[in-house]
1. With only Lys, Arg, Asp and Glu charged, each at its Cβ (+1 for the first two, -1 for the last two), find how big the charge dipole of the stretch 66-138 is about the Cα centre; round to the nearest 20 debye.
2. Could you tell me which of the pairs K3/K53; K130/K176; K48/K190; K19/K130 are separated by over 22 angstrom between their Cα atoms in the structure shown?
3. Roughly how many debye, to the nearest 20, is the charge dipole of the stretch 19-100 about its Cα centre, given +1 on each Lys and Arg Cβ, -1 on each Asp and Glu Cβ, and no other charges?
4. Considering the chain as a Gaussian network with a 10 Å cut-off on Cα pairs, which listed residue, I158, I41, I116, attains the greatest mean-square fluctuation?
5. With θ set to phi - 60° and the Karplus curve 6.51 cos²θ - 1.76 cosθ + 1.60, what are the ³J(HN,Hα) couplings of the stretch 54-71 in order, to the nearest whole Hz, using x for Gly and Pro?
6. So for the stretch 3-193, taking the charge dipole from beta-carbon charges (+1 Lys/Arg, -1 Asp/Glu), which of Y89, T20, L160 sits furthest toward the positive end?
7. Run the dipole for the chain about the Cα centre, Lys and Arg Cβ at +1, Asp and Glu Cβ at -1, nothing else charged, and hand back the magnitude in debye, nearest 20.
8. Mind pulling the angle between the C-alpha long axis of helix 12-21 and the longest principal axis of the chain? Nearest 10 degrees, somewhere in 0 to 90.
Amino acid sequence: MRKELVIATSNKGKIKEFKTLFAGMYEVKSLLDYPEVPEIIEDGDTFKANAAKKAETLAAYLNQNVLADDSGLSIDALNGEPGVFSARYAGTHKSDADNMAKVLSKLAEVPEENRIARFTCMMAIAEPGKETLFFEGQVEGIIATEARGTNGFGYDPIFLVPAYGQTMAELTSELKNKISHRADAIRQVKNYLLGG
Ligand SMILES: O=c1nc[nH]c2c1ncn2[C@H]1C[C@H](O)[C@@H](COP(=O)(O)OP(=O)(O)OP(=O)(O)O)O1
Ligand SMILES: [Mg+2]
């Protein structure tokens, strides 16, 4: 029986990636398995603050170790926007397509050399009674001029990975799970959990 790893997320795209990246090591559970948990309001100014709040709130509720991921897209030409507002850039309950459309319209006049962006994944491990630990992963790219590809989730269709000349949503999930900000952070988490 594999040990359980609870992740304080309800994002189905993330859950799919966590299950793949922790396969063989843990049985991944998420907030979708705990519908009774009240919504955790992400009112922090940083990915770190939100990751800590998600992990610590669920860890206290379940009285067990919990992992959380607060992540997003930061674009230099937009002074780091959407950042911590990535999930609701176009407004609360807006879709990924609405969020991408807003980014593309704000960058409409911006040439390719100034469309540099990065995905950040800040993971927090909250262990009741202990200091919360943080592991940050990043990947740099360029915002495409149109959405391309159907893999992944969120802003993947407009995030061009220069080394492959494709958007994150055109890459296979195997390749995304090697190069993404989440893969980078999880490598560090695994290293820690395995006593590295
Ligand atoms: O690999 C990714 N590929 C594309 N977009 C991504 C990725 N990773 C995060 N993102 C975007 C999606 C969402 O707009 C925001 C995450 O916001 P964030 O609050 O961390 O997640 P969420 O609200 O969707 O679920 P939850 O808080 O339950 O983990 O950044
Ligand atoms: Mg969120």
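Every read-out reported here was derived from the displayed coordinates using simple, explicitly stated rules and does not represent laboratory data. None of these values were measured; they are calculated from a predicted model. Quick reminder, even Gly has a Cβ in these numbers, built from the backbone with ideal geometry, and neighbours come from all protein chains shown.
1. Working: 7 positive and 12 negative charges, 45 e Å.
Taking the Cα centre of the stretch 66-138 as origin, the dipole is about 220 debye.
2. K3/K53; K130/K176; K19/K130
3. Values: 7 positive and 14 negative charges, 32 e Å.
My answer is approximately 160 debye.
4. For the chain, modelled as a Gaussian network with Cα springs under 10 Å, the answer is I41.
5. Taking θ as phi minus 60°, the curve returns 5, 5, 5, 5, 6, 5, 5, 5, 8, 6, 8, 5, 9, 9, 9, 10, 10, 9 Hz for the stretch 54-71.
6. After comparing all options, I get T20.
7. Values: 23 positive and 28 negative charges, 106 e Å.
In debye, rounded to 20, the chain gives about 520.
8. 70 degrees
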